[in-house]
Amino acid sequence: MVPQSFFRRSLRLRAVVMAVATTQALSACTMIPKYTRPTPPLATTWPDYAKTGDRLLPEVAADIGWREFFIDPRLQALITIALRENRDLRTSAANIATAQGEYDVQHAGLFPTIAATGGPMYQAPSDAAGLSFAPGLDTDKTGGGMARNPFRYYSGGIGFSSYEIDLFGRIRSLTKEAAERALSQQENMRGMVISIVSQVAMAYITWLGDRDTQALAASTLASQQNSLRLTQDKYTHGEENLLTVRQLETQVQQSATLLTDARRKVEQDENLITLLIGAPIPQNLPAPLPLGKQSILADLPAGLPSDLLTRRPDIVAAEHDLLASQASIGAARAAFFPRLTLTATDGVSSLQFHKMFTAAATTWGLNPNLQIPLWTWGMNSGNLKVAKATRNGKIAAYEKTVQSAFREVADALAARKAYLDEKKQMDNLVFASGDAYRLAKLRYETGTDSYLTTLDSQRYYLQAQQSQITVAVAKYQNLVTIYRAMGGGWQETSPHSHAEQQMAPQSGSPKAG
């Protein structure tokens, strides 16, 4: 049967805890400065060259999932492997877990740590302890002294010690700081995801361009080798001169060199992809789509410069760092004011163990302690100066991050317009040089012109095709850069996709009615 003293002790402890909670609620204010988001000196709109984006898109770039932006199944598989195997991403996840743990530790300081204690104490008092008539002490008649039996004391209870009542928000400020640090780490991880996705896509597009260059060099080399064989036969029969043969041999060697260089670049591209995904490239990946078909979107809306403040993870992380420094100022200010700590216990104690669980053995204690800083020799003021200086540095870092992001997006948008124009120009150049090569070859076959004109036309046509591939690679890499610069790529699918999946009827679900 549970003694009634147990219920009385529980009620007393509950009353103490409720009183502490009420005190914490009354002291919920902090001394953190009022936060106003800094306004960097930026334009409210993008330059005119940024107004070519598709305005019909239902969402901004940051809300488009990478699996919906990149439709190439091979690229999707590579990105999936990279997000699973990348070591830097694992390190970032560990940093987030550490920051969350530090927040939990700091947040726990808002509540008393309740623990149960108990144990015996044995002590043999000395002759000068003033306990000559204490129980258990008998006079030694033979030796003229005192035969001292051990002094026994048994105690047990439940309570908390050195719990600080957060009167001026010092602990709450530190908790706020830890929370902002954890949120900053989370944004850093989102930024790393965006970086990994864009890096894999960039390397993949480069690999596609080098493969196209390799295929172009191979087909050109095969055509030139066939022409060289025919010309050598004509030379053997006296129908062609040695100069034409040597010119063709030079062209064949140049194409062979281009093919070797293209193979080297393809192999190096595969090595880079292997590094980025953190694992060997699987052999069973889907076949790649042609260059330029990696994304279903040909353009992205620029939005407003203010969108970057809440869309780019690096800017959001810098703002969380700024908020953390604001919270540290609140903690430094609170250090100038008194601290109130409490120690409370409720339990039993007795000199005899068999009487510990009786009503007479009930005991309790409450020990408030007020600490008022008088002379800290500049320590508190120094900590406040450090906190304010750190906050000012974070403001400058935040503004620089915003300015750098603005410039990155503006540069990418400026390059977008240039690549769109250059793509049209290169298409026209390839068509014109190809037609010129056809006409030059026709004139040579009819004996109207020398083969030198045909070789020059073929060389110009090959160079135009190479430039066309280079521009195509740069154009689609620029699209990826815009996607990354605007904060896209941190999530796999768009938010509306999740909503559509949740609203879609599930197979096998019971029908209404």
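The values are calculated or read from the model by the stated rules, or taken from the named source; none is laboratory data. Every value quoted in this text rests on a predicted model; they were computed, and no experiment measured them. Neighbour counts run over all protein chains shown; Cβ positions are idealised from the backbone, glycine included.
Miscellaneous remarks
For every residue, the table says whether it meets (1) of a type outside the set (V, I, T); (2) modelled with pLDDT of 85 or more; (3) surrounded by fewer than 18 Cβ atoms within 10 Å (Cβ to Cβ); (4) closer than 19 Å to P313 by Cα.
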| position | (1), (2), (3), (4) |
| --- | --- |
| P135 | yes, no, yes, no |
| Q185 | yes, yes, no, yes |
| V193 | no, yes, no, yes |
| I196 | no, yes, no, yes |
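- The listed residue being surrounded by 12 or more Cβ atoms within 10 Å (Cβ to Cβ), within 30 Å of P313 (Cα to Cα) and not hydroxyl-bearing (S, T, Y), out of A361, A397, A389: A397
- Failed condition for I71, given (1) modelled with pLDDT of 85 or more; (2) out of contact with any strand residue (DSSP E or B) (no Cβ under 7 Å at 6 or more places or on another chain); (3) aliphatic (A, V, I, L, M): (2)
- From the options R484, R416, residue that is more than 27 Å from L216 (Cα to Cα), surrounded by 20 or more Cβ atoms within 10 Å (Cβ to Cβ), charged (D, E, K, R) and touching a Ser or Thr at 6+ places or on another chain (Cβ under 8 Å): R484
- On inspection, A405 qualifies as buried (at least 16 other Cβ atoms within 10 Å of the Cβ) and either closer than 30 Å to H320 by Cβ or among the β-branched types (V, I, T) (or both).
- Residue in the range 349-357 that is under 30 Å from A124 (Cβ atoms), charged (D, E, K, R) and part of a helix (DSSP H, G or I) present: yes
- Selection from the range 419-450 of residues that are acidic (D, E), at pLDDT 85 or above, more than 13 Å from Q465 (Cα to Cα) and surrounded by fewer than 16 Cβ atoms within 10 Å (Cβ to Cβ): D421
- Search result, residues across the range 106-122 that are touching a helix residue (DSSP H, G or I) at 6+ places or on another chain (Cβ under 8 Å) and in a helix (DSSP H, G or I): Q106, H107
- Inter-residue pairs, beta-carbon under 7 Å, first hydroxyl-bearing (S, T, Y) and in the range 384-395, second assigned to a helix (DSSP H, G or I), 6+ apart: T390/S325; T390/S328
- Screening A287, A298 for residues that are small (G, A, S), modelled with pLDDT of 90 or more, part of a loop (DSSP other than H, G, I, E, B) and exposed (fewer than 14 other Cβ atoms within 10 Å of the Cβ) leaves exactly one candidate, A287.
- Check on S255, of a type in the set (S, T, N, Q), in contact with a Leu (Cβ under 7 Å, 6 or more places away or on another chain) and assigned to a helix (DSSP H, G or I): yes
Residue by residue, here is whether (1) out of contact with any helix residue (DSSP H, G or I) (no Cβ under 6 Å at 6 or more places or on another chain); (2) surrounded by fewer than 12 Cβ atoms within 10 Å (Cβ to Cβ); (3) in contact (Cβ under 8 Å) with a residue 40 or more places away in the chain holds:
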{"site": "V245", "(1), (2), (3)": "no, no, no"}
{"site": "Q253", "(1), (2), (3)": "yes, no, no"}
{"site": "L258", "(1), (2), (3)": "no, no, yes"}
{"site": "E270", "(1), (2), (3)": "yes, no, yes"}
{"site": "T274", "(1), (2), (3)": "yes, no, no"}
{"site": "I277", "(1), (2), (3)": "no, no, yes"}
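- The range 440-457, residues that are under 57 Å from the mean Cα position of the chain (by Cα), within 19 Å of E240 (Cα to Cα) and of a type in the set (S, T, N, Q): T454
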